[in-house]
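Participant: One structure, as structure tokens, below. Some questions next.
The values are calculated or read from the model by the stated rules, or taken from the named source; none is laboratory data. Keep in mind that this is a model prediction, so the values were computed, not measured. Here the Cβ positions follow ideal geometry from the backbone for every residue, glycine too, while neighbour counts run over all protein chains shown. Each accessible area value is taken on the protein alone, full model and side chains, heavy atoms only, with ligands, DNA and RNA left out. Shrake-Rupley method; radii C 1.70, N 1.55, O 1.52, S 1.80 Å.
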Amino acid sequence: MTDSQENGAGEIVRLEAINKRFGDTEALKSLTMTIREGEFVTFLGPSGCGKSTTLRILGGFETPTSGRVIVNGEDVTRLPPNRRKVNMVFQDYALFPHMTVRRNISFGLELKGLSKRDIAQRCNELMEFLELSVLADRLPDQLSGGQRQRVALARALAPDPALLLLDEPLGALDAKLRGQVQAELKSIQRRTSKTFFFVTHDQDEALTMSDRIVVMNHGVVEQDGTPEELYFHPTSRFVAEFVGETNLIEGRVDAVSGSDVTLDWKGLKLAGRPPVSGGLQPGKQVAASIRLEGMKLSLDKPEDQPNAVAVRIAGRTFKGSRTELDLRAENAPDFAMRAYVDTSLANGLGEAPVWASWSQEAMAVLRD
Ligand SMILES: Nc1ncnc2c1ncn2[C@@H]1O[C@H](COP(=O)(O)OP(=O)(O)OP(=O)(O)O)[C@@H](O)[C@H]1O
Ligand SMILES: [Mg+2]
């Protein structure tokens with residue numbers, strides 16, 4: 001079989017049913033995923049869910065208990081790191097402490113036997129690009145966390161790897177620098193058309209940077225999709241709550257047909273969209289996610305929305321141009337919902353009941 005037959009189109013990485021045990025800990029449970037060439041894929045999940053372990057297995061620093069790692073159609077499961085066209089930026093950078101910035105970046109190129117001139121040129125380009133030129137002769141312990149991070153990135157990019165693995169490379173940066181480096185990273189990735197596999201536990205970062213996000217929880221993939229798919233069509237409760245903020249309501253499936261679901265929620269009929277995975281049956285108890293900004297507030301009952309609930313405003317949190325409202329439904333006063341509305345609108349709403357409404361599109365029914 002040729003590579004192209006064995007590979008999906010443009011597929012650069014395939015992880016097949018990877019299991020990894022550390023003693024009693026099952027760090028990865030039958031993890032299967034693919035990465036296509038040129039993609040910026042983000043691995044998102046809480047601490048301890050198995051992100052670094054996956055990267056280390058892909059980079060060759062760890063061997064899976066079972067399963068296969070395929071890179072460019074070749075089974076590399078048992079190959080050492082230096083025999084894979086994969087480079088890694090570690091969570092703790094792992095710079096060479098006794099080498100200058102310049103030498104840290106050029107070291108991998110020296111091992112590859114490039115000419116001195118080519119090495120110097122590549123090194124200068126990268127240092128300029130990542131604003132490291134003035135730091136060229138410093139040692140790692142004379143750098144700030146953010147500067148060390150950029151050196152680690154330059155070092156990993158230097159040998160022009162087919163796939164770059166980035167394990168929380170922006171963790172140590174303050175908010176402003178982090179935003180800048182995010183934009184830089186994304187632009188490096190676009191300009192070089194390199195495949196990036198980026199790890200973070202920061203959902204905002206994942207939404208901003210990725211072509212595709214793989215959400216992990218307890219060693220398994222929860223959902224795999226574009227940022228928009230994950231945000232607007234989460235399929236599980238975990239994804240709905242982990243990616244962005246949301247309202248979760250629990251109801252009974254009243255009817256399902258194609259892309260329409262009707263839920264019975266505390267005596268009200270609500271219209272939503274079913275999960276992409278399907279599998280909803282009438283009568284089942286399910287949860288549904290409605291994003292805070294998907295809820296509209298109005299004094300009169302809106303005629304054009306399928307979902308409208310009479311609510312009272314129980315609290316207000318000023319957030320600048322918008323205000324977060326804490327709402328209690330008249331038909332379920334113990335149940336709290338939240339909405340983001342323009343502050344000017346929020347100021348016009350009083351103590352009397354108002355209407356919270358949302359579109360069918362805004363309500364994603366989750367798989368049970
Ligand atoms: N060498 C090891 N020995 C024993 N257990 C390990 C080892 N490496 C990882 N683990 C365990 O495997 C699980 C996954 O760890 P991993 O480092 O992959 O998590 P992570 O998603 O990268 O978390 P974080 O966001 O905190 O970096 C954890 O329960 C961790 O304690
Ligand atoms: Mg980690």
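Participant: Within the stretch 85-101, identify whether any single residue is in a helix (DSSP H, G or I), more than 16 Å from ligand 1 (Cβ to nearest atom) and among the charged types (D, E, K, R), and answer yes or no. Walk me through how you get there before you give the answer.
Facilitator: Let us first name the residues in the stretch 85-101 that are in a helix (DSSP H, G or I), namely 101.
Those left that are additionally more than 16 Å from ligand 1 (Cβ to nearest atom): 101.
From what's left, among the charged types (D, E, K, R): none.
No, there is no match, as no residue in the stretch 85-101 is in a helix (DSSP H, G or I), more than 16 Å from ligand 1 (Cβ to nearest atom) and among the charged types (D, E, K, R).
Participant: Separate question: Can you list residue pairs whose Cβ atoms sit under 7 Å apart, with the first residue in the stretch 43-64 being within 12 Å of Leu15 (Cα to Cα) and the second being within 10 Å of ligand 2 (Cβ to nearest atom)? Count only pairs 6 or more apart in sequence or on different chains.
Facilitator: Thr54/Phe43; Leu55/Asp167; Leu55/Val199
Participant: Further question on the same structure: So for the stretch 69-76 (the condition being open to solvent by less than 40 Å² (accessible area, probe 1.4 Å), within 16 Å of ligand 2 (Cβ to nearest atom) and touching a helix residue (DSSP H, G or I) at 6+ places or on another chain (Cβ under 8 Å)), does at least one residue qualify?
Facilitator: No, the stretch 69-76 contains no residue that is open to solvent by less than 40 Å² (accessible area, probe 1.4 Å), within 16 Å of ligand 2 (Cβ to nearest atom) and touching a helix residue (DSSP H, G or I) at 6+ places or on another chain (Cβ under 8 Å).
Participant: Pick out the one residue from Val134, Val89, Val101 that is closer than 15 Å to Arg150 by Cβ and open to solvent by 50 Å² or more (accessible area, probe 1.4 Å).
Facilitator: It is Val134.
Participant: Okay, moving on. Being touching a residue at least 60 places away in the same chain (Cβ under 8 Å), under 24 Å from Pro169 (Cβ atoms) and open to solvent by 30 Å² or more (accessible area, probe 1.4 Å) is the filter here, so list the residues in the stretch 14-37 that pass it.
Facilitator: Hits for the stretch 14-37 are Arg36, Glu37.
Participant: Here are Phe129, Phe96, Phe90: which of them is more than 17 Å from Phe61 (Cβ to Cβ) and of a type in the set (Phe, Trp, Tyr)? Write out each step before concluding.
Facilitator: Details: Phe96 fails: more than 17 Å from Phe61 (Cβ to Cβ); Phe90 fails: more than 17 Å from Phe61 (Cβ to Cβ).
Result of the check over Phe129, Phe96, Phe90: Phe129.
Participant: Further, regarding this structure: What is the number of the single condition among (1) of a type in the set (S, T, N, Q); (2) assigned to a loop (DSSP other than H, G, I, E, B); (3) closer than 27 Å to Phe238 by Cα that Thr323 does not meet?
Facilitator: (2)
Participant: Looking only at the stretch 254-264, count how many residues are surrounded by fewer than 21 Cβ atoms within 10 Å (Cβ to Cβ) and in contact (Cβ under 8 Å) with a residue 24 or more places away in the chain. Give the derivation first.
Facilitator: Pass one, the stretch 254-264, residues surrounded by fewer than 21 Cβ atoms within 10 Å (Cβ to Cβ): 254-260, 262, 264.
Checking which are in contact (Cβ under 8 Å) with a residue 24 or more places away in the chain leaves us with 254-256, 260.
Number satisfying all stated conditions: 4.
Participant: Does Pro80 satisfy the condition of being surrounded by fewer than 17 Cβ atoms within 10 Å (Cβ to Cβ) and touching a His at 6+ places or on another chain (Cβ under 8 Å)?
Facilitator: Spelling it out, it is not the case that Pro80 is surrounded by fewer than 17 Cβ atoms within 10 Å (Cβ to Cβ) and touching a His at 6+ places or on another chain (Cβ under 8 Å).
Participant: Which pairs turn up if I take residues in the stretch 157-176 that are farther than 23 Å from His201 by Cα and look for partners that are acidic (Asp, Glu) and open to solvent by 10 Å² or more (accessible area, probe 1.4 Å) with beta carbon separation below 9 Å, at least 6 apart in sequence or on another chain?
Facilitator: So the pair list comes out as Ala162/Glu37.
Participant: Moving on to the next point. Quick one: what pairs do we get from the stretch 112-130, first residue free of Cβ contacts under 8 Å to residues at least 60 places away in the same chain, second basic (Lys, Arg), C-beta under 8 Å, 6+ apart or different chains?
Facilitator: Sorted first by the residue in the stretch 112-130, then by its partner, the pairs are Leu114/Arg122; Cys123/Arg102; Met127/Arg102; Leu130/Arg150.
Participant: Check whether at least one residue in the stretch 59-73 is modelled with pLDDT under 95, within 21 Å of the chain's Cα centre (by Cα) and assigned by TED's automatic domain parsing to the domain that holds Ser187, and report yes or no.
Facilitator: Yes, there is a match, as at least one residue in the stretch 59-73 is modelled with pLDDT under 95, within 21 Å of the chain's Cα centre (by Cα) and assigned by TED's automatic domain parsing to the domain that holds Ser187.
Participant: Let me confirm something: among Ala287, Ala329, Ala336, which residue is open to solvent by less than 30 Å² (accessible area, probe 1.4 Å), touching a Lys or Arg at 6+ places or on another chain (Cβ under 8 Å) and over 17 Å from Phe232 (Cβ atoms)?
Facilitator: Ala329
Participant: For the stretch 38-60, which residues satisfy the criterion of being open to solvent by 10 Å² or more (accessible area, probe 1.4 Å), more than 14 Å from Met216 (Cα to Cα) and not in a loop (DSSP other than H, G, I, E, B)?
Facilitator: First, the residues of the stretch 38-60 that are open to solvent by 10 Å² or more (accessible area, probe 1.4 Å): 38-39, 46-48, 51-53, 56, 60.
Add one more test, that the residue is more than 14 Å from Met216 (Cα to Cα), and what stays is 38-39, 56, 60.
Selection gives Arg56 alone.
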